[in-house]
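Participant: Just passing along the structure, written as structure tokens.
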Amino acid sequence: MSRPGRAPAETGEELSIAETIGLVSDAVAIFDRESRLVAVNSRFRETYRAVSAFLETGTSWPILLLEIERRGLLPGQVCDRLRLNESELLNRGLAAEPIELRGPGGASRIGMTSISTGGYAWVESATVDREGQAERQRETDLLMAKVLEACPASLTMFRIGDGQILYRTPAATELLGSARNTNEHFADRIERADFVTALLSSARVDDMRMQGRRADGRPFPASVSARVIDYRGEDVVVATIMDLTDDLEMQDELARQKDLTFQSEKMSALGELLAGVAHELNNPLSIVVGNAMILKEEIRDDRRAMRIEKLANAAERCVGIVRTFLAMARENPLELAPIDIAGLIGTARDTFLAGASDAPLDLTFDVAARLPSVLADEVQVVQVLVNLMTNAQQALAETGRHGLVSVSARLGKTRDRVVISVRDDGPGVPLDLRTRIFDPLFTTKTGGRGTGMGLALCRRILLAHGGSIRLLDSAGPGAEFELEIPVAEAPERRS
Ligand SMILES: Nc1ncnc2c1ncn2[C@@H]1O[C@H](COP(=O)(O)OP(=O)(O)OP(=O)(O)O)[C@@H](O)[C@H]1O
Ligand SMILES: [Mg+2]
């Protein structure tokens, strides 16, 4: 040990103390019997780095402790206890109980022991802070509980063996209800079996498509991902189930929009082509028609007159076709105005009846009372209705029996559209043709009886109105077309 006035490092004995404490993992400081610092090890230096200037041999205990306290390295109470312990040690040779410390960096214990040289050692060792650990565990548990409560994903945890649910987030309860077994979450038993098989073989499943079952029992399109984990010695599955209803609807809508864009591009390319052809055909056709009329008047011979008549009829049909093509190509600008639905349907009926053939047909009309006006180009929408009624009549004519065509109008669910339906009890549209009937030039009518432009034109007119037209998937016989036309005034402004 050092003696007063001599540097401790001058003797071999003191050097060996420094060496010895250097081997220890605890923080150790050695003081002589005059309470002066003899040596500290590197761990002590590290712990009390903030007072490193005072960790020199010869620094007196009260000064070192004062600096440690001043810089907040140890709380005042602890420093007081250390002072007390030191004087007990020196004066009465009594070693006090070690002082337990708990701080953010962990727990430790400071013991003071007298040593054979007459001085004493400060030994500070890290301890396990059980109380702190328990508290941290409680905090972690609380955090986990909060995270899972707020977790927007539908997450469940269940035993792989029997499907018994151990935990589920509130979001899962909302989507899937509070069934006790995960089997209830699957609407299809085979899909459930596939899911379990996949889990058993690779302990994970990613984005498997399935039909889930909602809390109210309704099935819904879903995607399930899962992992098998070990929980308290058991194989447990943690799974998330995602409701894909909205995503799929959006995909369908995108596909529909894409199809519409494709159709309208096709129409405009076709329009340009048709405009040119129709324009060129118009002049020679008018010569054919004009001359046929003159010949009809001049020729008295019945047989020849019949031939001329056939010629004239065919030429008239060609004129009709050319006119349709030109109408398609011209893209008549819309003349929108608020139109009364009952009036519009009345005009369509009159126009249809004026041009209709004598095929046996019952026409019924059912227009809901107090329908709001639609914002429409009356001439064009009448054209659409006449086209649909003509198609219905032609379809019925093929059956050779008395048919029924009903036209009805009502307000749409969202109240911002009027829905008009044109329905017949004819043969209907075969399943494999349903996606094609709105294509330009698609027709099943042979012998030049159809151009296949009617429905394409109808669709174009309705899209220009911000409306729509579709063939309903009706199970029964006949075909039903449904049109939607925006109302003239927003629903909230109507009383
Ligand atoms: N009410 C209906 N019942 C059964 N099939 C229909 C009906 N309406 C349309 N179709 C089918 O859709 C096809 C296309 O109709 P679209 O009106 O576009 O052309 P088209 O009637 O054949 O010819 P166009 O109208 O140009 O004279 C028809 O050929 C027919 O096969
Ligand atoms: Mg038609």
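Participant: Give the residue that is surrounded by the most Cβ atoms within 10 Å (Cβ to Cβ), with candidates limited to residues of the range 391-407 that are within 15 Å of ligand 1 (Cβ to nearest atom) and not in a helix (DSSP H, G or I).
Facilitator: Of all residues in the range 391-407, those within 15 Å of ligand 1 (Cβ to nearest atom) come to 391-401, 403-407.
Still in the running and not in a helix (DSSP H, G or I): 400-401, 403-407.
Working: Gly400: 9, Arg401: 10, Gly403: 22, Leu404: 15, Val405: 24, Ser406: 17, Val407: 21.
Filtering the range 391-407 for residues that are within 15 Å of ligand 1 (Cβ to nearest atom) and not in a helix (DSSP H, G or I), the one surrounded by the most Cβ atoms within 10 Å (Cβ to Cβ) comes out as Val405.
Participant: Where the second residue is at pLDDT below 90 and part of a strand (DSSP E or B) and the first is of a type outside the set (D, E, K, R) and surrounded by 10 or more Cβ atoms within 10 Å (Cβ to Cβ) and lies in the range 130-159, which pairs have Cβ atoms under 7 Å and are six or more apart or on separate chains?
Facilitator: Gly132/Arg102; Gly132/Ala107
Participant: Quick one: would you say Asp207 is of a type in the set (Asp, Glu), surrounded by fewer than 17 Cβ atoms within 10 Å (Cβ to Cβ) and within 24 Å of Leu148 (Cα to Cα)?
Facilitator: In short, yes.
Participant: For the range 465-484, which residues satisfy the criterion of being aliphatic (A, V, I, L, M) and either buried (at least 21 other Cβ atoms within 10 Å of the Cβ) or at pLDDT 90 or above (or both)?
Facilitator: From the range 465-484, those aliphatic (A, V, I, L, M) are 469, 471-472, 475, 479, 483; that's our starting set.
Within the range 465-484, Ile469, Leu471, Leu472, Ala479, Leu483 meet the criteria.
Participant: Determine, yes or no, whether Arg189 is more than 21 Å from Ala153 (Cβ to Cβ) and out of contact with any helix residue (DSSP H, G or I) (no Cβ under 7 Å at 6 or more places or on another chain).
Facilitator: yes
Participant: Considering each of Arg410, Arg494 in turn, give the residue that is outside the structural domain of Gln257 (by TED's automatic domain parsing), of a type in the set (Lys, Arg), more than 15 Å from ligand 1 (Cβ to nearest atom) and at pLDDT 90 or above.
Facilitator: When all the criteria are applied, what remains is Arg410.
Participant: Could you please let me know if Gly450 is within 13 Å of ligand 2 (Cβ to nearest atom) and either assigned to a loop (DSSP other than H, G, I, E, B) or under 36 Å from the mean Cα position of the chain (by Cα) (or both)?
Facilitator: Answer is yes for this residue.
Participant: Can you run down the residue pairs with Cβ atoms below 9 Å, 6 or more apart or on separate chains, where the first is in the range 244-262 and farther than 22 Å from Arg213 by Cα and the partner is among the aliphatic types (A, V, I, L, M)?
Facilitator: Close Cβ pairs (under 9 Å, with a partner that is among the aliphatic types (A, V, I, L, M)) amount to Leu260/Leu463.
Participant: Within the range 295-390, which strands (runs of 3 or more DSSP E) (wholly inside it) include 2 or more residues that are surrounded by fewer than 12 Cβ atoms within 10 Å (Cβ to Cβ)? Quick ask: steps written out before the conclusion?
Facilitator: Working: elements: 337-339, 361-367, 374-376.
Because the criterion is at least 2 residues that are surrounded by fewer than 12 Cβ atoms within 10 Å (Cβ to Cβ), the strands (runs of 3 or more DSSP E) in the range 295-390 that meet it are 361-367.
Participant: Just give me the residues in the range 258-286 being closer than 17 Å to Met453 by Cβ and among the β-branched types (Val, Ile, Thr), in sequence order.
Facilitator: Val277, the sole residue that qualifies.
Participant: Same structure, new question: State the number of residues belonging to the range 437-447 that are more than 11 Å from ligand 2 (Cβ to nearest atom) and free of Cβ contacts under 8 Å to residues at least 60 places away in the same chain.
Facilitator: Summing the residues that are more than 11 Å from ligand 2 (Cβ to nearest atom) and free of Cβ contacts under 8 Å to residues at least 60 places away in the same chain in the range 437-447 gives 2.
Participant: Only one of these conditions is not met by His465: (1) farther than 19 Å from Leu385 by Cα; (2) away from ligand 2 (no atom under 16 Å from the Cβ). Which number is it?
Facilitator: (1)
Participant: Still on this structure, please answer the following. Among the listed residues Gly163, Gly212, identify the single one that is buried (at least 18 other Cβ atoms within 10 Å of the Cβ), over 26 Å from the mean Cα position of the chain (by Cα) and without any contact (Cβ under 8 Å) to a residue 60 or more places away in the chain.
Facilitator: The conditions single out Gly163.
Quick grid of which residues meet (1) closer than 29 Å to Glu280 by Cα; (2) within 16 Å of ligand 2 (Cβ to nearest atom):
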| residue | (1), (2) |
| --- | --- |
| Ile308 | yes, no |
| Val319 | yes, no |
| Ile341 | no, no |
| Gly346 | no, no |
| Phe352 | no, yes |
| Thr364 | no, no |
| Val386 | yes, yes |
| Thr390 | yes, yes |
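The values are calculated or read from the model by the stated rules, or taken from the named source; none is laboratory data. What you are looking at is a predicted structure, and each value in this text was computed from that prediction instead of being measured. Cβ sites come from the backbone with ideal geometry, for glycine too, and all protein chains shown count toward neighbours.
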